[in-house]
Amino acid sequence: MARIQEEIKKRYGRIARRVSGKRSGGCGCGAGGCCPTPPAEANGYRASELADLPEDAIRASLGCSNPVALANLQPGETVLDLGSGGGIDVLLSARLVGETGRAYGLDMTDDMLRLANRNLKKSGLTNVTFLKGYIESIPLENETVDVVTSNCVINLTEDKFVALSETYRVLKKGGRLAIADIVQLKPVPDSVKKSIELWVGCVSGALTLEAYEDTLRRAGFTQIEIQPVGVYEKSLIEEIAHDKKLQGLYSEQDADLLDGAFASAHVKAKK
Ligand SMILES: C[S@@+](CC[C@H](N)C(=O)[O-])C[C@H]1O[C@@H](n2cnc3c(N)ncnc32)[C@H](O)[C@@H]1O
């Protein structure tokens, strides 16, 4: 396994164990949505939709927005969430597709899958399956899924083209993509890009809008829409760096260069 993927797995395993151990929640993608702000206010989830979800599913939320809100899910549909973590988006989707539909979550990290399955049990939902595997090699048949969602995961993969091609493969014709992710809006110093810590935090692996669109198009997608929704200002970047104890990794000058360089974004496309 590639070194970066191994690091990512270890990191998310630690976060899942921390949530399960009832210590403070995780911190994944770094924007206001991860920590310290709770997801209901910061990440586009309505308090009412979170109200009866298991507490650990909410505490484990590591996304950068709410992809389910983009997906327009209908009763009876099959939905797959890539990098499902503690399962928040899978459980929300499962309620929307109802008993005649099915919601899959796919994750590579054993501790996350354990946490997600515990959350599933608490939720009482019966139309959910958490799968172990990689988004670069999705363990589902061709053209079996109506909607693919993902929340702050595509940026983590080193081969985004392979992951998005796999996504295209499992989608039915006319199927749709509803992703929340981090995008890069302007060039940043190589030293920052190379930092594995920032990569794990969803920033250094972010694509530019042009590269994201190009990768989706090459994977076969059409009707592509990529909308930045929350630009990371210098103050937020500094807060993230402080949380992750990264201050030593870049200078004040770098912090200025990072100002406005990244944003959370909504990505929609069709097969
Ligand atoms: C930032 S967290 C997001 C979790 C969840 N989507 C959420 O919003 O709370 C990233 C998740 O993706 C998983 N992940 C990262 N890269 C992956 C890959 N290549 N294949 C499968 N899962 C992956 C990690 O194990 C982790 O659970």
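Computed from the coordinates by the stated procedures, all read-outs in this text should not be read as laboratory data. Source: prediction; values computed, not measured. So basically every Cβ, Gly included, is an ideal-geometry build from the backbone, and we count neighbours across all protein chains shown.
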Task: Around VAL79: net Lys/Arg minus Asp/Glu count, Cβ-Cβ under 13 Å - done: 0
TODO: Calculate, in nm to one decimal, what HIS242 and SER137 gain on full extension: separation in residues at 0.36 nm each, minus their alpha carbon distance.
DONE: 34.3 nm
Task: Coil-residue trypsin sites (Lys or Arg not before Pro) of the stretch 138-237, DSSP, other Cβ within 10 Å capped at 11 - done: LYS194
Open item on the list: Over 21 Å between Cα atoms: which of LYS9/LYS172; LYS160/LYS271; LYS132/LYS160 fall into that group?
Closed with: LYS9/LYS172
Task: Cα→Cβ-extended label distance, 7 Å offset, between ALA47 and THR129, nm - done: 3.8
Open item on the list: Quick query: amide H of SER204 versus all other amide H atoms, modeled in the peptide plane; which residues come in under 5 Å with a sequence gap of 5 or more or a different chain?
Closed with: TRP199
Open item on the list: Could you work out how much longer the chain between ASP256 and LYS173 gets when fully extended? Use 0.36 nm per residue separation minus the Cα distance between them, nm to one decimal.
Closed with: 25.4 nm
